[in-house]
1. What are the pairs, 6+ residues apart or on separate chains, where a residue within the range 79-108 that is of a type in the set (Ser, Thr, Tyr) has its Cβ under 7 Å from a residue that is at pLDDT below 95 and within 14 Å of ligand 2 (Cβ to nearest atom)?
2. Taking the residues in the range 34-61 that are away from ligand 2 (no atom under 16 Å from the Cβ) and either hydroxyl-bearing (Ser, Thr, Tyr) or assigned to a helix (DSSP H, G or I) (or both) as candidates, determine which candidate is modelled with the highest pLDDT.
3. Of these, Val243, Val235, which one is within 14 Å of the chain's Cα centre (by Cα) and more than 18 Å from Ile57 (Cβ to Cβ)?
4. For residues in the range 80-102 being in contact with a Gly (Cβ under 7 Å, 6 or more places away or on another chain) and crowded, with 19+ Cβ neighbours inside 10 Å, which is nearest to Gly66 (Cα to Cα)?
5. So Glu140 ticks every box in (1) within 16 Å of ligand 2 (Cβ to nearest atom); (2) crowded, with 19+ Cβ neighbours inside 10 Å; (3) in a helix (DSSP H, G or I) but one. Which box is left unticked?
6. Being over 16 Å from Ile135 (Cα atoms), within 16 Å of ligand 2 (Cβ to nearest atom) and surrounded by fewer than 23 Cβ atoms within 10 Å (Cβ to Cβ) is true for just one of Ile204, Ile197. Which residue is that?
7. Hey, could you check the range 242-265 for residues that are buried (at least 24 other Cβ atoms within 10 Å of the Cβ) and of a type in the set (Val, Ile, Thr) and say which is farthest from ligand 2 (Cβ to nearest atom)?
8. Go through the range 149-164 and report how many residues are polar (S, T, N, Q) and more than 20 Å from Pro189 (Cα to Cα).
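The values are calculated or read from the model by the stated rules, or taken from the named source; none is laboratory data. Owing to the predicted nature of the structure, the values given are computational and were not obtained by experimental measurement. Note: ideal-geometry Cβ built from the backbone for every residue, glycine included; neighbour counts use all protein chains shown.
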Amino acid sequence: MCRVPRGRFGAGLASKLASMSWANRFWGPLSRVLEFPQAIPRPRSYETTLIELAPSILSADFSRLGEQVRAAGEGGASVVHVDVMDGHFVPNLTIGPPVVKSLRKVTKLPLDCHLMIENPDEFIPMFAESGADWISVHQEACRHLNRTLHLIKSHNCLAGVVINPATPVDALTEVLDVVDYVLVMSVNPGFGGQKFIPGTLHKIRRLAEIRSQRGLGYRIEVDGGVALETVGDVVRAGGEILVAGNAVFGSGDPTRNAEALLKAASEAMLLKV
Ligand code: DX5
Ligand code: ZN
């Protein structure tokens, strides 16, 4: 079954942000200098940035997942990051399509499924049918990466490619014109709550540079160790979709945590522009 994709990048986010308390102080001035891309494909050449927060449910309390996702959304999160691990590609096991199906019923936010699995082609249709909006696969896990990315698109999902900390940006040269987003891992995949690897920042900068040189439209997502102390460096380097698990769901209130992360990101962007 093919679905019409929900939650294109950026759609409706401006009005949502405008209703939030911190946004009045930080987003107001920012929105005057930044433009909102409404949908993919993004403009071929642009100098604008839209920051989005994608809480990773890996660190959430699974006994009340719907409630936790709602709480993060109230704090401004606009994408739900779903970490899928198979115990082979990464040394951990997490969730599969049934959880995506349940999440689909409790949120309208786009579901961003990060597949840390071998043989992703086998499972992409199932994730799409369960309600995934975005699906990303690891460069390191795909023998026929171009085919896999087109498979994702054929299911009306946005297609993302992921690189581990040890994989260079150059490994993506031939697919950057195919993907909707590139996910830079800033920790080695497999677990939440790890320490951000600063040596990955240059890859974010390089991806932003290549995009502008080649006039491409992919967005840049960053995953792993994104927290109050690191988010400034990430957005200044060019990170746009910020995945955060521990920093949103680890302790305290997910709404306040999401607000604080977005506020820190906005402040860093204001310094940049
Ligand atoms: C790690 C996952 C991440 C993880 C991020 O393999 O891909 O999405 O949940 O968690 P934090 O933000 O806690 O590093
Ligand atoms: Zn992830």
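1. From residues that are of a type in the set (Ser, Thr, Tyr), there are no pairs.
2. Applying the filter and picking the extreme gives Thr49.
3. Just one listed residue meets the conditions, Val235.
4. If we take residues in the range 80-102 being in contact with a Gly (Cβ under 7 Å, 6 or more places away or on another chain) and crowded, with 19+ Cβ neighbours inside 10 Å, then Val100 is nearest to Gly66 (Cα to Cα).
5. Failed condition: (2).
6. So the residue among Ile204, Ile197 that is over 16 Å from Ile135 (Cα atoms), within 16 Å of ligand 2 (Cβ to nearest atom) and surrounded by fewer than 23 Cβ atoms within 10 Å (Cβ to Cβ) is Ile197.
7. Residue satisfying both the conditions and the ranking: Val248.
8. 2
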